[in-house]
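Since the structure comes first, as structure tokens, the remarks are kept for the end.
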Amino acid sequence: MGEGVQIYQWTASYRHEKMYWCDGEQMLLGSLNLDPVSSNTNLELLVSVRDSSLVNKLTSRFEAIKRQIESSKTTSNMLD
């Protein structure tokens, strides 16, 4: 992975959506896989958000969810 690249995977249940952040200025949201099959079948959706205010709000929401998950893992590990 390149410098600063982070990957998170949701494992609690099946989720098909993807979120890509680009330097806090742009976000891509949707179900598109970054492979030829997804882009050639035209059955996927991808939305590009270039509003930094909205990107910041969505990033804050993602960070809150991530903290909640990390907190529940810590609690779970303490109970084991």
Would you kindly state how much longer the chain becomes between residue 25 and residue 41 on full extension, computed as 0.36 nm times their sequence separation minus their alpha carbon distance, in nm to one decimal? 2.9 nm
Taking the Cα atoms of the range 18-79, report the difference between the largest and smallest coordinate on each principal axis, in whole Å and largest first. 47, 29, 15
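Read the figures in this text as sums done on the coordinates, not as results from a lab. Only a predicted model underlies this, so the values are computations on that prediction, with no experimental measurement involved.
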